[in-house]
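Colleague: To start, I am sharing the structure in question, which I have written as structure tokens.
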Amino acid sequence: MAGASGRVAEWRKVLGALREGAGDAVPALTHRFHRLSAAGGASGFQEISDISRETERWLKQRTSPDIAGADAERLEHAVGKLAEAFDNAADEL
């Protein structure tokens, strides 16, 4: 779980860029969730994998690169859930 707080901070930075209209941040964020989904599952942290996979799928289904309002809140909620899942995983170690 080393570096988890840095990853969460990085995602929050990308979310800020999305709120400011940086549509190119969506593919980067989708890729990060994809990688985390695989890593979480491979490491035995199913909650992290599930949250990441669900968010990745949602991002891939979107037709607009713009994220605002409820969409931004949904992503912020997912990042918050991941931060909590990282904390839970760290407690298990």
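The values are calculated or read from the model by the stated rules, or taken from the named source; none is laboratory data. This is a predicted model, so every value here is computed, not measured. Cβ placement follows ideal geometry from the backbone for every residue including glycine, while neighbour counts extend to all protein chains displayed. In case anyone asks, the SASA skips ligands and DNA or RNA and just uses the protein heavy atoms, side chains included. Shrake-Rupley method; radii C 1.70, N 1.55, O 1.52, S 1.80 Å.
Colleague: Separation between the residue 42 and residue 24 pseudo-spin-labels, each 7 Å from Cα along Cα→Cβ, expressed in nm?
Modeller: According to this spin-label approximation, the distance is 2.8 nm.
Colleague: Tell me the carbon and sulfur percent of the accessible area for region 34-85, rounded to whole percent, probe radius 1.4 Å.
Modeller: 46 percent
Colleague: Continuing with the same structure: At 1.4 Å probe size, with every protein chain present, just tell me what the per residue accessible area of the chain comes to in Å². Write down the numbers at each step before the final one.
Modeller: Numbers: 5420 Å² over 93 residues.
Spelled out: the 1.4 Å probe surface of the chain, per residue, equals 58 Å².
Colleague: For every helix of n ≥ 4 consecutive DSSP H residues, a contribution of -39,500 (n - 2.57) applies; sum these over the chain, divide by its total residues, and give [θ] at 222 nm rounded to the nearest 500 deg cm²/dmol. Could the numbers behind the result be given before it?
Modeller: Numbers: 4 runs with 74 residues, N = 93.
That calculation yields -27000 deg cm²/dmol at 222 nm.
Colleague: Write out the GluC sites (Glu not before Pro) in region 10-93 meeting two conditions: DSSP loop, and at most 12 other Cβ atoms within 10 Å of their Cβ.
Modeller: 20
Colleague: Between residue 13 and residue 87, what FRET efficiency follows from the Cβ-Cβ distance if R0 is 25 Å, with the result rounded to 0.05?
Modeller: 0.80
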